[in-house]
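Take a look at the structure set out below.
Each value in this text was obtained by applying a stated rule to the coordinates, not by laboratory testing. Keep in mind that this is a model prediction, so the values were computed, not measured. Every residue, glycine among them, receives a Cβ derived from its backbone with ideal geometry; neighbour counts consider all protein chains shown.
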Amino acid sequence: MDKEKMKPQRYFSKSFQEVSGSPKSEEKIVTQGNLTYDVSNIKKKPWGRRLEDRKFNKVKKKLPQKSNPNPKFRGKFKVPKELLEKYSKGDGVNLKSVKTSIHQKKFEKKEKNIKFAVEQSAKAEVLLVEDSGYLEADAGETTTQFTQKQIVNSVDLAAASKHFDLKLDFGPYRAKYTRNGRHLLLGGKMGHVAAFDWMTKKLHCEINVMESVHDVCWLHIETMLAVAQKDWVYIYDNQGIELHCVKRLNKVSRMEFLPYHFLLGSCSDEGYLSWLDISIGQIAGQYNTNLGRLSVLTQNPWNATLCVGHAKGVVSFWSPNSRDPLAKMLCHKAPVIAAHVDPTGLYMATSASNRELKIWDVRKLEGPVQEYKLVQPANNVAFSQKQMMAVGMGNVVEIYRDCCTTAAKRAYLRHRFVTPIGNLSFCPFEDVLGVTTARGFTSLLVPGAGEPNFDSLEANPFQAKSQRREAEVKSLLEKIQPELITLDPTTIADVDLPTLRDKVDAKLKLLYLKPPKVNYEPRKKAKGRGGSVKIARNKKIVQEEAKKEFVRNKREITREEEQEQEKPKKPPHVLDRFLPKKKT
């Protein structure tokens, strides 16, 4: 056999073309010497595509942009600068300060992702179509002239159904809404307790505890509620079944629930302030304030501290980590009878028995920002999510709008009841104000009071049973420890680094200390012969090792000081006489 036939035939060889016998056009076949090449099936270089694209993009940027031929479609939506500033995460990383190119690329990629997230958040605000409206009066009229009957006749059926009146005979009552604003809890002084879905008017439970009820409070979900009765605090479910009796919380007058910490805060007639961790059933803190009977209690949602009003005109801020108050504010010259902090944690409203109403900046603990003189003392104060303030004076409730930043000249709405008011509370995510009286409960319509857009991951008014279970598990996993409750919650992000002076002082103190005494305790008791001798010998060895380590550290410190003293000094200079003399 020929050697040429033994060789493997190649695709471009002349013999292969002759054997295949496929007709080739002259335009697609290239001959070079004895070989012929078929150009028809050759693909372009895959590795040269990126380089070509980069060159094309550079040229494309330099080309003049043509005017839009179709003015109806203006291209991509340009986000306004105001929205970008609203969702901005702050100044980015200065890439010039990053040393290595690898880390520069990492930070550059991270900054691009953050920028993209900010743009998406700003664009998604277009989807928040709901907006809060207000009452607008014509010329020569005021909004206080509008009654609840006129407002109900002017709104649609869904909004009109939110106004109702319950006539009950076991008052005076106290009421609380859940965090999502869907369920309502009522508690009468004569023992009547009721929980229901106030939107669908579906009753969960209605019981009579046969004792005086001083306050009621929802826990982390709408299936558990706490009732402060004559002597102790009782925990019930939404069917009215008693789950627990907390006898360590006795004679409680007011209660507040901290949802992110799972703490039930309470104050008593005996002057005690308590925090009960409902997830483990233990008392996280219980202190005597030594300030007399406590009946004014509210929480600051920004830092989860409890604000307590006292008879000396002082409002104190408490945490379960300290026996003493974190801060005290002298707000009035008369006893404080009502206090409330708005949901954002910016402003606090306090009222006293001398008919004064003051609004304070809680973050600065300064003020007052605004000061009002009322017709009669305000026994109840409540803020809405849109910073509307409801003031209960006797049997009259007045709602003020934009009263924190600017001085309000007149009330926004006014409503008069037959009997004195028990307490006030705005319903979250609804334009509704719940007012309890001595003879029942009334739901008032207040246009523009609630937040129109809700976060379903935070508080969902339309959640199902499965969503409620998942939210409960998630909130338990994300539970914040009570040790983190401070006056300034941003301090947890700070790093506590010892200064150089602290390190030097610690070293100098070590020179004048005695070697530590080691209390050696064996893990097992001595048994048999020679057991006590072995224990004594091991104890002596441990003490000697501790003493040697102390001496070793002391020698290292003295050696460092000697080296610093032996450092060669700079030769004297002619101009050194003009330098200031060192103080000895």
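Structure data summary
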read-out: Rounded FRET efficiency, nearest 0.05, which uses the C-beta distance separating ARG355 from GLN239 and R0 of 45 Å; value: 0.50
read-out: Cα gyration tensor category, rounded, prolate or oblate, for segment 190-266 with a/c compared to 1.5; value: oblate
read-out: Label-point separation in nm, PHE462 to PHE77, each point 7 Å along Cα→Cβ; value: 2.1
read-out: Net dipole in debye of segment 238-364 [+1 Lys, Arg Cβ; -1 Asp, Glu Cβ; about Cα centre; nearest 20]; value: 400
read-out: Segment 535-558-segment 404-456 distance, computed between alpha-carbon centres (Å); value: 71
read-out: Cα gyration tensor, segment 143-484 - rounded (a/c under 1.5), prolate or oblate; value: rounded
read-out: Label-point gap, in nm, between ASP91 and LEU127 - each point 7 angstrom along Cα→Cβ; value: 3.3
read-out: Listed residue (LEU225, PRO301, GLY271) projecting farthest to the positive dipole end of segment 202-304, Cβ model; value: GLY271
read-out: Segment 330-377-segment 131-153 distance, computed between alpha-carbon centres (Å); value: 27
read-out: Listed pairs LYS115/LYS474; LYS110/LYS465; LYS386/LYS465 exceeding 31 Å between Cα atoms; value: LYS110/LYS465
read-out: Restraint check, LYS76/LYS112; LYS251/LYS358; LYS201/LYS247; LYS176/LYS230; LYS123/LYS364, Cα-Cα greater than 26 Å; value: LYS251/LYS358; LYS201/LYS247; LYS123/LYS364
